[in-house]
Amino acid sequence: MDYIIKEERLTATEYIEFLRHTDLGSQYPKERFEERIETLVKKASISLVARNEENEIIGVCFGITDFAYWLFITDLGVVRECTGQGIGKALVRKLHELAGGEENIIMYTCANENAIPFYEKIGMRKPDDVMVYNHVEWTDFVV
């Protein structure tokens, strides 16, 4: 499959529609969902979109970074029909490159347990040095 990856800001509506076609849509809390997605798409440090030949969104990757030391992958999704074709890996590689490259940037993410094999396959490992402070109200739902 041919596709192109480029830096692009999606609207909240576009991103929510994309989520309906991925397994990524179960990672968000129900509380203030649309408001928070609006903030996410506007403020992520790096916003990458993969589009197919018909210009349809087939993959998205968002990251927050200081462009000097670290990068946190907040979102990585590929439409269900296109998984297993290297799109997620290409998105992560491009995100890492734009943040400053693997020789400068440590990359983190919070992975859904179903996504752990993917992240391990691309060379990530479970760290021992991450701390979490979480007092967020979280009601699970699927977009």
- Task: Test each condition in (1) surrounded by fewer than 20 Cβ atoms within 10 Å (Cβ to Cβ); (2) touching a strand residue (DSSP E or B) at 6+ places or on another chain (Cβ under 9 Å); (3) of a type in the set (S, T, N, Q) for T39 and report the one that comes out false.
- Result: (2)
- Message: Looking at I73, I105, can you tell me which residue is in contact with a Phe, Trp or Tyr (Cβ under 9 Å, 6 or more places away or on another chain), surrounded by 14 or more Cβ atoms within 10 Å (Cβ to Cβ) and closer than 17 Å to K6 by Cα?
- Response: I73
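Tell me yes or no: at least one residue of segment 50-58 is more than 19 Å from K6 (Cα to Cα), surrounded by 16 or more Cβ atoms within 10 Å (Cβ to Cβ) and over 13 Å from the mean Cα position of the chain (by Cα).
Residues of segment 50-58 more than 19 Å from K6 (Cα to Cα): none.
Checked against the condition, which is being more than 19 Å from K6 (Cα to Cα), surrounded by 16 or more Cβ atoms within 10 Å (Cβ to Cβ) and over 13 Å from the mean Cα position of the chain (by Cα), segment 50-58 yields no hits at all.
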- Query: Taking only pairs six or more apart or across chains, which ones have beta-carbon atoms under 7 Å, a first residue in segment 37-66 that is assigned to a loop (DSSP other than H, G, I, E, B), and a second residue that is buried (at least 20 other Cβ atoms within 10 Å of the Cβ) and among the β-branched types (V, I, T)?
  - Reply: S45/T65
- Task: Kindly indicate the residue of segment 94-120 that is charged (D, E, K, R) and without any contact (Cβ under 8 Å) to a residue 24 or more places away in the chain and also nearest to F62 (Cα to Cα) among those meeting that condition.
- Result: E97
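Test of understanding: among K6, K89, which residue is at pLDDT 95 or above, of a type outside the set (F, W, Y), surrounded by fewer than 16 Cβ atoms within 10 Å (Cβ to Cβ) and in a strand (DSSP E or B)? Quick ask: steps written out before the conclusion?
On the way: K89 fails: in a strand (DSSP E or B).
After ruling out the rest, the residue left standing is K6.
The values are calculated or read from the model by the stated rules, or taken from the named source; none is laboratory data. Note that the structure is predicted; figures quoted are calculated from it, not measured. Neighbour counts are summed over all protein chains in view; Cβ atoms, including those assigned to glycine, are modelled from backbone coordinates with ideal geometry.
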